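The values are calculated or read from the model by the stated rules, or taken from the named source; none is laboratory data. A quick note: this is a predicted structure, and the numbers were derived from the prediction, not measured. We place every Cβ from the backbone using ideal geometry, glycine too, and count neighbours over all the protein chains shown.
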Amino acid sequence: MNNKDKSIYTLTVPCSGEKHRINLTKEGKLKLLNHTDDEIEIELAFGMLGGELPECLKIKKAWENDSYKSDFHSNDPILDYAFSYLKLAFHLFQQHLLNIDF
């Protein structure tokens with residue numbers, strides 16, 4: 001765990017032909033480590049015009065829509081993979097905070 005940025009989990013996903021990292025914070029937010037804020041804004045605008053979003057942004061956008069709180073499934077195996085691991089990491093972190101045993 002990296003206390004500096006309050007991350008509890010880092011996931012690596014293929015994105016735009018490279019491997020990109022996504023941090024999950026203690027607050028349940030995602031931080032894209034390989035995209036600048038300007039890049040994110042440009043890609044989101046491109047997506048609004050019908051372009052396909054990079055995997056990192058697909059994951060972040062779906063997460064911010066609270067899709068992780070439900071039984072989320074898509075036709076995108078990378079998105080499904082990412083959600084599985086991020087949901088598990090966040091769930092385990094919450095259980096640890098509450099000291100709940102399984």
* Any residue at all in the range 57-68 that is in a loop (DSSP other than H, G, I, E, B), surrounded by 13 or more Cβ atoms within 10 Å (Cβ to Cβ) and modelled with pLDDT of 90 or more? -> no
* Can you find a residue in the range 25-43 that is under 14 Å from THR10 (Cβ atoms) and hydroxyl-bearing (Ser, Thr, Tyr)? -> yes
* Structure fact -> In the range 13-44, anything charged (D, E, K, R) and not in a strand (DSSP E or B) is listed as LYS26, GLU27, LYS29, ASP37, ASP38, GLU39, GLU41, GLU43
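Residues checked against (1) among the aliphatic types (A, V, I, L, M); (2) at pLDDT 90 or above; (3) buried (at least 18 other Cβ atoms within 10 Å of the Cβ); (4) closer than 18 Å to ALA89 by Cβ:
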{"position": "ILE8", "(1), (2), (3), (4)": "yes, no, yes, yes"}
{"position": "VAL13", "(1), (2), (3), (4)": "yes, yes, yes, yes"}
{"position": "GLY17", "(1), (2), (3), (4)": "no, yes, no, no"}
{"position": "LYS26", "(1), (2), (3), (4)": "no, no, no, yes"}
{"position": "ILE40", "(1), (2), (3), (4)": "yes, yes, no, no"}
